[in-house]
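Report on the following structure.
The values are calculated or read from the model by the stated rules, or taken from the named source; none is laboratory data. Because the structure is predicted, anything quoted here is derived from the model rather than measured. As a convention, Cβ positions derive from the backbone with ideal geometry for all residues, glycine included, and neighbour counts pool all protein chains shown.
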Amino acid sequence: MSDSVRTVKVRDRAIGGSELVVMAGPCAVESREQILRAAEVVAASGAGFLRGGAFKVRSSPAAFQGLGWDGWKLLREAADAHSLLTVSEILSEEQIEPARRYVDLAQIGSRNMQNVPLLRALGRSRLPVLLKRGFGCTIDEWIHAAEYVLNEGNGDVLLCERGIRSFETATRFTLDVAAVPIARARLGLPVIVDPSHAAGRREWVTSLTLAGVACGADGLLIETHPEPAQALSDGPQAVPLAEFPKLMDSVRRVSQALGRSFAAPPVTVF
Ligand code: PEP
Ligand code: MN
């Protein structure tokens, strides 16, 4: 399974081999204390990347929009303190060059998947890209979006399945597990599964995480927060940091059963 995709390099880290990569952290960077605490726990649990949005795309303009540049600075500081790489959403072409100092992997959000000028600009920039699937887009449209980046000469593209809109309302979105092997086979690029935005509620995150590993994902993008009840965005789907090591332990066991490795140390109690 794992040898059928090309390896994508993000700094010194290769994604797409037998080892699974975990990207974890809060939906948004909210404070220095919050992101440092998240970095400490996710690093100790085996994650390789710290996630955290600084420029948030929210459904309502009244909702928290992120800390902006200060958020990126805090994300970098926290990641560096624990030897993690960073993944964060880039909203516009103008943000790409200044983002290089703070963002190792540029996330294109679900709502921006078909923003062609942004896709082309990231293609020219050669910054590694995490391309989220538009929640109303087919696998074909997602693949074409990736081709806009690839065609500019940037081969460092990771696809991210984060759930699509269906008639179901028990979950926030419907995780399209079939999209994982299909997209991997069609483009030969690693696929990352985001169980958090699909589930919308933390109680289903473990099941969707393990389903993602079982259907061949090359990595996971998971939201976790020191105090989900206080989170300024996506609190209901955030796994409490205190429970994150246990989730990673399950990931390690399922990965092993499938012949993939995941370097999660034995569960540590924080
Ligand atoms: C996020 O990762 O916090 C996010 C906004 O994701 P998406 O674009 O998939 O909704
Ligand atoms: Mn989120």
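Do we find that Leu247 is touching a residue at least 24 places away in the same chain (Cβ under 8 Å), more than 11 Å from ligand 2 (Cβ to nearest atom) and part of a strand (DSSP E or B) in this structure? Let's see the steps before the verdict.
On the way: touching a residue at least 24 places away in the same chain (Cβ under 8 Å): yes; more than 11 Å from ligand 2 (Cβ to nearest atom): yes; part of a strand (DSSP E or B): no.
In short, no.
Residues that are part of a helix (DSSP H, G or I), buried (at least 19 other Cβ atoms within 10 Å of the Cβ) and modelled with pLDDT of 95 or more: does the stretch 157-180 have at least one?
The answer is yes, given that some residue of the stretch 157-180 is part of a helix (DSSP H, G or I), buried (at least 19 other Cβ atoms within 10 Å of the Cβ) and modelled with pLDDT of 95 or more.
Ala63 - would you say it is more than 11 Å from ligand 1 (Cβ to nearest atom), under 28 Å from Ala14 (Cβ atoms) and either in contact (Cβ under 8 Å) with a residue 24 or more places away in the chain or of a type in the set (A, V, I, L, M, F, W, C) (or both)?
no
Within the stretch 50-102, can you find the residues that are under 23 Å from Glu33 (Cα atoms), within 15 Å of ligand 2 (Cβ to nearest atom) and polar (S, T, N, Q)?
Listed by number, the residues that qualify are Gln65, Ser88.
Taking the stretch 62-90, which residues are crowded, with 19+ Cβ neighbours inside 10 Å and assigned to a loop (DSSP other than H, G, I, E, B)?
Within the stretch 62-90, Gly66, Leu67, Leu84, Ile90 qualify.
If a residue must be more than 13 Å from ligand 1 (Cβ to nearest atom), part of a loop (DSSP other than H, G, I, E, B) and under 22 Å from Leu75 (Cβ atoms), how many such residues does the stretch 189-244 contain?
Total satisfying the criteria: 2.
Mind listing whichever residues of the stretch 193-218 are in contact (Cβ under 8 Å) with a residue 12 or more places away in the chain and either closer than 16 Å to Gln256 by Cβ or of a type in the set (Asp, Glu) (or both)?
Asp194, Thr209, Leu210, Gly212, Val213, Ala214, Gly216, Ala217, Asp218
Quick one: how many residues across the stretch 38-57 are over 19 Å from Arg101 (Cβ atoms), touching a strand residue (DSSP E or B) at 6+ places or on another chain (Cβ under 9 Å) and away from ligand 1 (no atom under 11 Å from the Cβ)?
Total meeting the criteria: 8.
Applying the selection to the stretch 128-146, what residues are touching a Leu at 6+ places or on another chain (Cβ under 9 Å) and outside any loop (DSSP other than H, G, I, E, B)?
Those that are touching a Leu at 6+ places or on another chain (Cβ under 9 Å) and outside any loop (DSSP other than H, G, I, E, B): Val129, Leu130, Leu131, Lys132, Trp142, Ile143, Ala145, Ala146.
Would you check if there is a residue in the stretch 148-161 being aromatic (Phe, Trp, Tyr) and within 18 Å of the chain's Cα centre (by Cα)?
Among the residues of the stretch 148-161, not one is aromatic (Phe, Trp, Tyr) and within 18 Å of the chain's Cα centre (by Cα), which makes the answer no.
Does Gly123 fit the bill of being of a type in the set (Gly, Ala, Ser) and under 18 Å from the mean Cα position of the chain (by Cα)?
When the stated conditions are applied, Gly123 does not pass them.
Out of (1) away from ligand 2 (no atom under 16 Å from the Cβ); (2) closer than 28 Å to Ala54 by Cβ; (3) β-branched (Val, Ile, Thr), the odd one out for Val213 is which?
Going through (1) away from ligand 2 (no atom under 16 Å from the Cβ); (2) closer than 28 Å to Ala54 by Cβ; (3) β-branched (Val, Ile, Thr) one by one, Val213 breaks only (2).
Could you tell me which numbered condition Ser110 fails, if it satisfies all but one of (1) in contact (Cβ under 8 Å) with a residue 40 or more places away in the chain; (2) over 19 Å from Leu220 (Cα atoms); (3) polar (S, T, N, Q)?
The number of the failed condition is (2).
Taking the conditions exactly as written (among the charged types (D, E, K, R) and within 12 Å of ligand 1 (Cβ to nearest atom)), does Arg101 satisfy them or not?
Here the answer is no, as Arg101 does not meet what is asked.
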